[in-house]
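Novice: For reference, the structure I am asking about is given below.
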Amino acid sequence: MYNSELDTFLAVAEAGSFSKAAKKLYISTPAVVQQMNLLEKRLNVQLFVRNTHGVTLTPAGIEFIQWSRQIIFDCQQAEKELGKYQQKIVFASGYLNGQTLSSRLIPQFQKNHPKAQISFREINDYQQIPAEVDILEMTYAKEPLSEHEFSFISIVPSPLRVALPASHPLAKKKQLSLQDLAAQDLEIVAPSIAGSEDVMLSKLLNVRPAVKLHYYSVFNKAVVNQAQLTKHLLLIPEAYSELCHPYIVKPVSWSFATSYGFYCRKPVPKLVQEFIDLAQKS
């Protein structure tokens, strides 16, 4: 909504160089120079002192840093607030999360809201969720999603299963017991991240011979690849079964489950809330 020249200005101010700012922004140096020349012409004030070593800010440039940041912040806040009235939803998509509920609910939601625009944005890192993403389908976790940006809405419990190589001796069993896991290397989400399987963790630690626990913080392709390399077993929510290929997933004779649902960006837009309402009724 704001002019991208403000982003370029802040990048140049931080880097102290047109060329360094260009590298950071993945654009050419002449493009950066042109943008800054146009910005100064539009404002009718000099923002930078050019020299052979780079650029330095003029007093006006120093003051304009604060104005630029405020303008960008205000525009982003306005977009966020007005977003609740928009007839569109952007779902996160990628290897990091499943689409079990979304794929089932979206056709019905489109029938109920024929004018709604639904799109998907691929994510590769939970720490850097694109600003346009409204909703992510996944299990509950204390981290890494910021509680200040997203709120979790539980839809269904997802039973905890064990994924293992097809060549593993336990692969022949229809259902595993707790004792089957004795002396096995088991990859499990860190307790500080999950925060809801303390009883299960206690039982695993009390199995003899002891289960060899290895902790991961975020379930992603790297976790699966590493498990394949080390021949470790994986403890996963049933909802993530398809993400474990070529591992096969086995039920365990316990009742442990984790919450599965949606993380929604705050404040929750009206259309997203209606999608959540549909999910809770289905």
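The values are calculated or read from the model by the stated rules, or taken from the named source; none is laboratory data. This one's a predicted model, so the numbers in the text were calculated from it and none came from an experiment. Neighbour counts run over all protein chains shown; Cβ positions are idealised from the backbone, glycine included.
Novice: Please find, within the range 245-282, the residue that is nearest to the chain's Cα centre (by Cα) out of those that are among the aromatic types (F, W, Y) and surrounded by fewer than 21 Cβ atoms within 10 Å (Cβ to Cβ). Break it down into steps so the answer makes sense when it comes.
Specialist: Initially, the range 245-282 is screened for residues among the aromatic types (F, W, Y), giving 247, 254, 256, 260, 262-263, 275.
From what's left, surrounded by fewer than 21 Cβ atoms within 10 Å (Cβ to Cβ): 254, 256.
Values: W254: 30, F256: 25 Å.
Among those that are among the aromatic types (F, W, Y) and surrounded by fewer than 21 Cβ atoms within 10 Å (Cβ to Cβ), it is F256.
Novice: If K23 satisfies all but one of (1) within 30 Å of V268 (Cβ to Cβ); (2) outside any loop (DSSP other than H, G, I, E, B); (3) not hydroxyl-bearing (S, T, Y), what's the number of the condition it fails?
Specialist: That leaves (1) as the condition not met.
One line per residue, one yes/no per condition, for (1) among the hydrophobic types (A, V, I, L, M, F, W, C); (2) touching a residue at least 24 places away in the same chain (Cβ under 8 Å):
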| position | (1), (2) |
| --- | --- |
| A166 | yes, yes |
| A171 | yes, yes |
| L181 | yes, yes |
| D185 | no, yes |
| L205 | yes, no |
| N220 | no, yes |
| H245 | no, no |
| A257 | yes, yes |
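Novice: Could you check how many residues of the range 7-47 are surrounded by 14 or more Cβ atoms within 10 Å (Cβ to Cβ) and on the phi > 0 side of the Ramachandran plot?
Specialist: Residues that pass the stated criteria total 1.
Condition check ((1) over 26 Å from S93 (Cα atoms); (2) surrounded by 14 or more Cβ atoms within 10 Å (Cβ to Cβ); (3) modelled with pLDDT of 95 or more) across all residues:
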{"position": "S192", "(1), (2), (3)": "no, no, no"}
{"position": "P209", "(1), (2), (3)": "yes, no, no"}
{"position": "L213", "(1), (2), (3)": "yes, yes, no"}
{"position": "S217", "(1), (2), (3)": "no, yes, no"}
{"position": "T230", "(1), (2), (3)": "yes, no, no"}
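Novice: List pairs: first in the range 69-85 and at pLDDT below 75, second in a helix (DSSP H, G or I), Cβ under 7 Å, 6+ apart or cross-chain?
Specialist: So the pair list comes out as K84/K270; Y85/K270.
Novice: Kindly list the number of the only condition in (1) more than 18 Å from A190 (Cα to Cα); (2) of a type in the set (A, V, I, L, M); (3) touching a residue at least 24 places away in the same chain (Cβ under 8 Å); (4) not in a loop (DSSP other than H, G, I, E, B) that fails for A227.
Specialist: It is condition (1) that A227 fails.
Novice: May I pose another question? Output the number of the condition that A239 fails; it satisfies all remaining conditions of (1) out of contact with any Gly (no Cβ under 9 Å at 6 or more places or on another chain); (2) aliphatic (A, V, I, L, M); (3) not assigned by TED's automatic domain parsing to the domain that holds I135.
Specialist: A239 satisfies all of (1) out of contact with any Gly (no Cβ under 9 Å at 6 or more places or on another chain); (2) aliphatic (A, V, I, L, M); (3) not assigned by TED's automatic domain parsing to the domain that holds I135 except (1).
Here's the yes/no breakdown for (1) β-branched (V, I, T); (2) in the same structural domain as P130 (by TED's automatic domain parsing); (3) assigned to a helix (DSSP H, G or I):
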site	(1), (2), (3)
V12	yes, no, yes
I27	yes, no, no
Q35	no, no, yes
E40	no, no, yes
E63	no, no, yes
Q70	no, no, yes
D74	no, no, yes
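Novice: Further, regarding this structure: What residue, of Q99, Q66, Q128, Q117, is modelled with pLDDT under 85 and under 30 Å from L6 (Cα atoms)?
Specialist: Numbers: Q99 fails: under 30 Å from L6 (Cα atoms); Q66 fails: modelled with pLDDT under 85; Q117 fails: modelled with pLDDT under 85.
Step by step, each of Q99, Q66, Q128, Q117 is checked, and only Q128 is modelled with pLDDT under 85 and under 30 Å from L6 (Cα atoms).
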